[in-house]
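Accompanying notes for the structure given below.
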Amino acid sequence: MSVTEAELGAHEGDDPTAVVEPPPGEKKVAGKSPTRIAFDRLRKDKVAVVCTIVVILLVIAAAFAPLINKMLNIYGEASSLPYSPTDVLYFGGPNNGLPNVGPPVNGFTADHPLGLSPGQGLDNLARLLLGLRTSLLIATLATVISTIVGVVIGLVAGFSRGWLDRLLMFTTDLFLSFPFILGAMAMAPILRARFNDEDIDGLGRAQLIALIVILVFFGWMGLARLIRGQVLSLREREFIQAAQVIGVPTRQILFKELLPNMVAPIIVSISLSLPAFVTAEAGLSYLGIGLTGQPSLGQTIFDAQNYFEVYPLYLWAPVVTITILVLALNLLGDAIRDAFDPKTRR
């Protein structure tokens, strides 16, 4: 079949950079990035949507805990109490130290939905919100810092060859072999010896910083090994070798070429590290080597363990809160991992 001169002239005069519109009635085919595909799959996952809503509500409650406590006229700190604790506590018989307002001595009251704390007269709902705020703050800071440390060490170790890679991996294995709880137990007496009982604020800040440092020190190794494995497979690809040939600086190759290809494992690691750090903070505070100068979920459980038989609500409130938070974060992390895995079809 021959081509007419008119058709040939039309093709020769076309602008090669012009966008060719599809024929009427046909839909445009738009490509999607792996990240866009993963988020589309997450929106269709009912479990992920429910867990996201639960996590967002808990984060909002924690972020605005002081404002919520002020609006509800409830108090979670002794310095804010408008009354003496002896006015609301019952000091007679077997219920010594239990509150005289609300459970377990009296019935439910709307002024204090979860009751008051024994021996202190603090509102349990207020302490729960403040403790949730502290626990999420520690978990978030530890997750962000440990992620940065793990990504940087993994990138450098995977891209370098020779002694630097061996040194970084030896350091990683050394940290993996040392349980972080021993580090926390070693730090606790040092802090208590450094700050006396009169400097309560200084002790609280020191414990907060020390706890974050301990969680970061022993929380970056898994991500570093994961990133290193990804870099080992990517550094032999054509686009990395071409960048090296034309003289692209190593720093630009690491953070402009390699790092964007690792968004999926980093996001998955963050989603799984948050619940792990929440549980770790609660466990350390429960053991008495975490926070003692400010409310936290673990500290509340530690205070409530002696009242389990006579005042179970005092213990179950923080336990259920931790369970819901960690369960929602874990399920959301699993959904994110499946969404970014191209081999799954949820």
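For this structure, a couple of remarks:
- In terms of the mean number of neighbouring beta-carbon atoms within 10 Å, the peptides 301-314, 100-113 order highest first as 301-314, 100-113.
- With Cα atoms defining each centre, segment 118-197 and segment 250-317 are spaced 9 Å apart in the structure.
- Remark: the Cα gyration tensor places segment 250-346 in the oblate category, a/c being 1.5 or greater and a/b not exceeding b/c.
- Selection among Leu287, Val319, Ile266 by position relative to the dipole of segment 223-345 gives Ile266 as farthest towards the positive end (Cβ unit charges, Cα centre).
- Virtual spin-label span in nm between Ala186 and Phe170, 7 Å along Cα→Cβ: 1.9
- Working from label points 7 Å from Cα in the Cα-to-Cβ sense, the Glu236 to Ala63 distance is 4.5 nm.
- Relative to the current alpha-carbon distance between Arg161 and Asp40, full extension at 0.36 nm per residue lengthens the span by 39.7 nm.
- Ser84 versus Ile56: modelled label distance in nm, points set 7 Å from Cα along the beta carbon direction: 4.8
- For Arg237, residues with placed amide H under 5 Å, excluding near neighbours: none
- Our coupling estimate for segment 284-291, obtained by passing each phi through the Karplus curve with A = 6.51, B = -1.76, C = 1.60 and θ = phi - 60°, is 5, 5, 5, 6, x, 10, x, 8 Hz, Gly and Pro reported as x.
- Net lengthening on full extension, Leu327/Gln305 (0.36 nm per residue, minus Cα-Cα): 5.7 nm
Computed from the coordinates by the stated procedures, all read-outs in this text should not be read as laboratory data. On a predicted model such as this, the values are computed, not experimentally measured, just so you know. Cβ coordinates were reconstructed from backbone atoms using ideal geometry, including for glycine residues, and neighbour counts include every protein chain displayed.
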